[in-house]
Amino acid sequence: MSRETFEARMEKRMKDLKQNDEHSIFRELQGELIEYDYDTKSLDMAFEATEFHKNGFGIMFGGSLVGMFDIAFGTLTAGLGDYDIAPTAQLTVNFLKGVATGSRVIVRVEAVSTGKTLMNFMGKAYVGEEMVGSAMG
């Protein structure tokens with residue numbers, strides 16, 4: 001795949017995500033693509049831990065972090081493969097630290113392997129310089 005094809009697929013994916021209905025998880029998390037890199041097969045996305053995501057302990061619900069990783073992995077999948085739909089086959093998330101509502105969460109993901117029918121990714125989530133979670137999928 002060429003760099004141009006990768007970049008065009010990434011732009012299409014972001015356009016599609018932004019056109020989802022107003023109650024999509026991407027919009028609820030205020031998702032934003034920061035950057036992507038063809039050479040390293042990686043991307044960075046930012047999300048907001050809004051009041052909507054607050055759990056009974058006053059911090060962000062863990063499922064919101066899972067959603068952040070799932071969206072980032074899916075976005076990278078869309079860039080690396082010719083897929084209209086790419087369901088998540090497996091996703092393991094490690095929660096390292098609670099995330100305060102109001103925090104901006106940066107999710108950095110990269111491809112570990114990219115096959116025709118299955119891709120594997122790893123990722124890390126940060127609030128500032130502090131890692132708050134990691135994932136494999």
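For region 89-137, what are the residues that are among the small types (Gly, Ala, Ser) and within 18 Å of residue 31 (Cβ to Cβ)?
If the condition is that a residue be among the small types (Gly, Ala, Ser) and within 18 Å of residue 31 (Cβ to Cβ), then 102, 103, 123, 125, 133, 135, 137 are the ones that fit.
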Working carefully through the options 89, 72, find the one that is open to solvent by 80 Å² or more (accessible area, probe 1.4 Å), closer than 16 Å to residue 121 by Cβ and in contact with a Leu (Cβ under 9 Å, 6 or more places away or on another chain). 89
From the options 109, 127, residue that is farther than 14 Å from residue 60 by Cβ, modelled with pLDDT of 95 or more and open to solvent by less than 70 Å² (accessible area, probe 1.4 Å): 109
Mind checking which residues of region 39-69 are without any contact (Cβ under 8 Å) to a residue 40 or more places away in the chain and either open to solvent by 60 Å² or more (accessible area, probe 1.4 Å) or in contact with a Ser or Thr (Cβ under 7 Å, 6 or more places away or on another chain) (or both)? 39, 52, 56, 61
Would you confirm whether or not region 22-32 contains a residue that is of a type in the set (Val, Ile, Thr) and within 20 Å of residue 108 (Cβ to Cβ)? yes
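The rows are residues; the columns are (1) among the charged types (D, E, K, R); (2) more than 27 Å from residue 11 (Cβ to Cβ).
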{"residue": "54", "(1), (2)": "yes, yes"}
{"residue": "59", "(1), (2)": "no, yes"}
{"residue": "67", "(1), (2)": "no, no"}
{"residue": "70", "(1), (2)": "yes, no"}
{"residue": "75", "(1), (2)": "no, no"}
{"residue": "80", "(1), (2)": "no, no"}
{"residue": "87", "(1), (2)": "no, no"}
{"residue": "93", "(1), (2)": "no, yes"}
{"residue": "96", "(1), (2)": "no, yes"}
I'd like the full set of residues that are open to solvent by 20 Å² or more (accessible area, probe 1.4 Å) and not hydroxyl-bearing (Ser, Thr, Tyr), limited to region 112-124. 112, 115, 116, 118, 119, 120, 122, 124
With the first residue restricted to region 91-113 and required to be aromatic (Phe, Trp, Tyr), and the second required to be outside any strand (DSSP E or B) and surrounded by 14 or more Cβ atoms within 10 Å (Cβ to Cβ), Cβ contacts under 6 Å at 6 or more apart or on different chains are 95/62
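The values are calculated or read from the model by the stated rules, or taken from the named source; none is laboratory data. Because the structure is a prediction, the values reported are computed rather than measured. Because the Cβ atoms are built from the backbone with ideal geometry, glycine has one as well, and the counts that use them run over all protein chains shown. SASA here: full protein model, heavy atoms, side chains in, ligands and nucleic acids out. Shrake-Rupley method; radii C 1.70, N 1.55, O 1.52, S 1.80 Å.
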